[in-house]
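The values are calculated or read from the model by the stated rules, or taken from the named source; none is laboratory data. Only a predicted model underlies this, so the values are computations on that prediction, with no experimental measurement involved. Glycine gets a Cβ as well: all are built from the backbone with ideal geometry, and neighbour counts include every protein chain shown.
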Amino acid sequence: MQTSRFQLGLIAALAVGLGLSLSSSEAEGYPAGASVSYGANPVIAYGGTVGGGSTSTLLTAPADQALIITDVVLTTTGGRSWTPYDTRVSVDTDAGAIAEYMLVTDTSNSGDGLYISPVQVSHAYQSGLPVPPGTTVGITNHGDTDVSYSVSGYLVQP
């Protein structure tokens, strides 16, 4: 039995078609939000005020879950003063700082004296700040003035 050119061409075309249909296409990823496989409410939120030169402990992540910090908001108050000030604030874990922020005030003249303008730092992380299971998280104020804070995130399976 002899194979004709037509049969060889048909076999080659079918092989190419099958190869193209089975080959993988370029992968595309679409942001779908946080994938959380935890069966309870995984959202955490803490707020308060931390005095100058002190640390406020937020929480210790559960031993079987990691914490992802997604949002941090820090504010300082204004008021009458002759000197602007700067305040360094850090988000700390047992292993050290995982994020640092600098709040720098400015003065304005209202006609009857100088006033310090309030300052705010607001940051929403796309990927978040990861905190390993069983790790303690705190806010440290390295400056002299009080800083109000709001920290939120969610718990995930490690």
(message) Could you go through the range 55-75 and let me know if any residue there is in a strand (DSSP E or B), surrounded by fewer than 15 Cβ atoms within 10 Å (Cβ to Cβ) and small (Gly, Ala, Ser).
(response) no
(request) Looking only at the range 22-40, decide whether some residue is modelled with pLDDT of 65 or more, under 25 Å from Asp146 (Cβ atoms) and exposed (fewer than 13 other Cβ atoms within 10 Å of the Cβ). (result) no
(request) Output the residue which, of all residues in the range 113-142 that are touching a Phe, Trp or Tyr at 6+ places or on another chain (Cβ under 7 Å) and closer than 19 Å to Leu58 by Cβ, is surrounded by the most Cβ atoms within 10 Å (Cβ to Cβ). (result) Ile139
(message) Of the residues Asp92, Asp106, Asp71, Asp64, only one is at pLDDT below 90 and either under 30 Å from Leu155 (Cβ atoms) or of a type in the set (D, E, K, R) (or both); which?
(response) Asp106
